[in-house]
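The values are calculated or read from the model by the stated rules, or taken from the named source; none is laboratory data. Computed from a prediction, not measured in an experiment: that's the story for all the values here. Positions of Cβ are backbone-derived with ideal geometry, glycine not excepted, and every protein chain shown enters the neighbour counts. Surface accessibility is based on the protein's heavy atoms, side chains included, excluding ligands, DNA and RNA. Shrake-Rupley method; radii C 1.70, N 1.55, O 1.52, S 1.80 Å.
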Amino acid sequence: LKRMKGLSVFRPIVYGNVASPLGKKLADSNHTHRWTVSVRGVNNEDISYFVKKVSFKLHDTYDNPNRVIEKAPFEVTETGWGEFDIIIKIHFQQASGEKPLTLYHHLKLHPYEEDGTLAPLPKQRPVFSFNYDEIVFNEPIEAFYLTLQEH
Ligand code: SLL
């Protein structure tokens, strides 16, 4: 397999979560928030041409904590009460020959006020916690390089 010697190509991604408090009718002590963790392209670009699947390892308090998402959008929506670290593993398309990439995201549910205190639940606003990153493919396999260039 021919590699593109001396070349590296990067693709931007955005990963993280949104969360909203559940209204009184839906909330109970185990489920105070609804949240979605996702891996996306910038401006919602479809990243499927280089990403084959993404697994999200949730806290063990969840049923089937290892969630494997095989197609875009690469995201998991759940309800819960607590914040924890999510292990995100990005698997690249087979033709890339690349190993999976592991990222960590701290699920954020609670909006802290400017004075550092936590607003009471019914007053909480939606929370957004996203990171921008660039995935670098060093000396990619030629066929994969061509796929990257087509997008
Ligand atoms: C904490 N270290 O104590 C964290 C753990 C776990 C949150 C948070 C499960 C809800 C469900 C859930 O929200 N777990 O099982 O549906 O803050």
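Pairwise inverse Cα distances across the stretch 35-85, averaged and inverted, put the Kirkwood hydrodynamic radius at 11.9 Å. Seen from all directions on average, the chain presents a Cα convex hull projection of 10.6 nm². A helix-only calculation puts the chain at -1500 deg cm²/dmol for mean residue ellipticity at 222 nm, using -39500 (n - 2.57) for each DSSP H run of at least four residues, averaged over all residues. Computed over the chain, relative contact order equals 35 percent, with contacts defined as Cα pairs under 8 Å that lie 6+ residues apart.
Heavy atoms of the protein chains alone define the surface here; on that basis the chain has 60 Å² accessible area per residue at 1.4 Å probe size. Taking the protein heavy atoms of the chain in the context of the full set of protein chains, the accessible area attributed to carbon and sulfur is 51 percent at 1.4 Å.
Ranked by the mean number of other Cβ atoms within 10 Å per residue, highest first, peptides 1-8, 105-112, 86-93, 42-49 order as 86-93, 105-112, 42-49, 1-8.
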